[in-house]
Amino acid sequence: MFFSEFSVLLGSIAIFRGELLILGDFNFHVDIPNDREASCFMDLLDSAGFQQDVHVATHRAGHTLDLVISRHSSHTLKDITVFTGSPSDHHIVKCDVNISSPLPVKTTIHSHKLCDIRVENFVRDIQASTLFNSPVVDLSHSIEQYENVLCDLIDKHAPVKERSVVLRPSSPWYCDELRKAKWMKRRSERKWLKSGLEIDKQIYCDQSKAYHCMIEQAKCNYHRNEIAKCDEKQLFKLVDRISNPASSPKLPDHDCKKSLANDFSCFFHNKIQMLLIRLTIISLPTVSIDLPEILKVAHVTPILKKSKLD
């Protein structure tokens, strides 16, 4: 079953242009030449134009199970290194690839640093403002006065600052307990790398396993709670959002943002006008006419009625 499905996968991706890398634990002993399943696997790769590039043991038992697969003609891989001593029974496989990493997505935000406000000065300025000394009686003007005075005071005590931030994916399940566990794992790792003692290595392994178990449990609890709050319709939306992360919406091609905004405005304005016209036609009063008595009797035949009910 695996070979037939993997063959279909290789055939579907082999036609793609450009560089291609396949990485993972395939659980075949490719280091043993006479292993039947490993030989079938390697022949399958070769027939599709791929090759396996890891040639040292990647498992504690001395076998090569974790593979890096590339095209025969690929020049992407520069170097492959296997590091032993990881908490897992599988070693760490590091491969250097000849590609440039994507630049971090940054955005510029404007914000008030409210923590810089000295409360006593802020209170004194409010008491000296028109909001305190000459408040407006009219409700609408009072709201406007309240907003203007407070906005001016906030701009005075905490001016707007512009800063650039890196956009990172949100992890709502990540909590303070996980941050503390990650800190403890990193601390035990540094201690082991510094001392090289077996006991420090074991402590690091235990901390690493505990941290990853906490991550898995936190994810499960978060999604379980989210599912429990959903009805049937919301559940489908939640599953779709988890399995198919939505990309940012793309605007139509345009040269001027103002013109595009005006086009959107005209489109929805015309759409609303057409709906109003249709509603007006539907709501027109019916015309009263004289009809013969025989035409005033409505004969309705139930289409969905079963014949045996007659």
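Here are the numbers:
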| read-out | value |
| --- | --- |
| Linear extension gain, Met184 paired with Ala61, 0.36 nm per residue minus alpha-carbon span | 41.3 nm |
| Nonlocal amide H pairs with His59, under 5 Å, H built at 1.01 Å | Leu65, His91 |
| Listed residues Leu178, Val68, His112: farthest to the positive end of the dipole of the chain (Cβ charges) | His112 |
| Neighbour net charge for Ser171 - beta-carbon separation under 15 angstrom, K R +1, D E -1 | +1 |
| Relative contact order %, the range 2-97, counting alpha carbon pairs below 8 Å whose residues are six or more apart | 25 |
| Residue-averaged 222 nm ellipticity for the chain, from DSSP H runs of 4+ at -39500 (n - 2.57), nearest 500 | -15500 deg cm²/dmol |
| Residue-by-residue Karplus 3J(HN,Hα) for the range 166-177, coefficients 6.51, -1.76, 1.60, Hz, glycine and proline x | 8, 7, 10, x, 7, 10, x, 7, 6, 10, 5, 4 |
| Calculated FRET value between Ile227 and Val136, using beta carbons and R₀ = 35 Å, to 0.05 | 0.10 |
| Charge sum, other residues only, whose C-beta stays under 14 Å from Lys94's C-beta, Lys/Arg counted +1 and Asp/Glu -1 | -3 |
| Karplus-derived HN-Hα couplings along the range 5-11 (A = 6.51, B = -1.76, C = 1.60, θ = phi - 60°), whole Hz, x at Gly and Pro | 5, 5, 5, 5, 4, 4, x |
| Over 25 Å (Cα to Cα) - which of Lys191/Lys219; Lys180/Lys209; Lys106/Lys229; Lys94/Lys201 fall in this group | Lys191/Lys219; Lys106/Lys229 |
| Karplus (6.51, -1.76, 1.60) ³J(HN,Hα), θ = phi - 60°, over the range 264-274, in Hz, Gly and Pro reported as x | 4, 4, 5, 4, 6, 5, 5, 5, 5, 4, 5 |
| Positive-pole candidate from Asn244, Tyr204, Ala261, dipole of the range 132-289, charges at beta carbon | Tyr204 |
| Stretch gain in nm, segment Ser265-Phe16, where the contour uses 0.36 nm per residue and the Cα spacing is subtracted | 85.5 nm |
| Cα-centred dipole magnitude for the chain, charges only on beta-carbon of K, R (+1) and D, E (-1), debye, nearest 20 | 540 |
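Throughout, read-outs are computed from the coordinates displayed, never taken from laboratory work. For clarity, every value in this text was computed on a predicted model and none was experimentally measured. Every residue, glycine among them, receives a Cβ derived from its backbone with ideal geometry; neighbour counts consider all protein chains shown.
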